[in-house]
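Below is one structure, written out as C-alpha cells, with a few remarks after it.
We did not get these values from a lab; they are worked out from the coordinates using the rules stated. Just so you know, these numbers come straight off a predicted model, no measurement behind them. Backbone-built Cβ (ideal geometry, glycine too); neighbour counts: all protein chains shown.
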Amino acid sequence: VQLQACGGGMVQAGGSLRLSCAASGSIFSFNFMGWHRQAPGKQRELVAASISSGTTNYADSVKGRFTISRDNAENTVYLQMNSLKPEDTAVYSCNAYRIGGPIYWGQGTQVTVSS
C-alpha cells in the first residue's frame, strides 16, 4: 500500500487547509490511520488519529481546530485544519497500519502558517 499526502501550502494565521492522504488500496481494514507533524528542531508528534472503531483522537494543541476523517469509498483520510496558528507550521505526514502488520507512511507535505 502506498500513501500519497497532499494539500499543504502557505496560509495566514486564522486560515484553513485540508490535507488529503490517498491510499493505493483499500483503507477499510486499517485499524489505525493518523496524521503526524514535525517542525524544524522538534520531534515528530501525532496530531490526529482515526481508529477503525470510529474513535478519533487529537493532540491537545489541535483539539477543536483539526478534524480527521476517513472516506473508505475514496480510500482517503483527510485532516481539516481550521484556525491555523504559526506554531502549526511543520511537515505533515500520514501513516496507517493493521494490527500485526507493517506501518505504512506517506511522504510529507509542508504547511506554513504566517503571522
For region 5-114, using Cα atoms only, the Rg and Dmax in Å read 13.2, 41
Counting only C-alpha contacts under 8 Å and six or more residues apart, can you give the relative contact order of the chain as a whole percent?
-> 37 percent
Tabulate in residue order the Karplus-calculated ³J(HN,Hα) for region 84-98, using 6.51 cos²θ - 1.76 cosθ + 1.60 with θ = phi - 60°, rounded to whole Hz; enter x for Gly and Pro.
-> 5, 10, x, 6, 7, 4, 4, 8, 9, 9, 10, 8, 7, 7, 9
Under 18 Å from a point 7 Å along the Cα-to-Cβ line of SER24: which residues of region 76-115 have their amide N that close?
-> 76-77, 94-98, 102-108
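Stretched out fully, how many nm does the piece from ASN31 to ASN82 gain, at 0.36 nm a residue minus the Cα gap?
On the way: separation 51, 0.36 × 51 = 18.36 nm, distance 2.59 nm.
Residue separation times 0.36 nm, minus the Cα-Cα distance, leaves 15.8 nm.
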Spin-label model distance (nm) - ARG65 vs GLN110, 7 Å beyond Cα toward Cβ | 2.0 nm
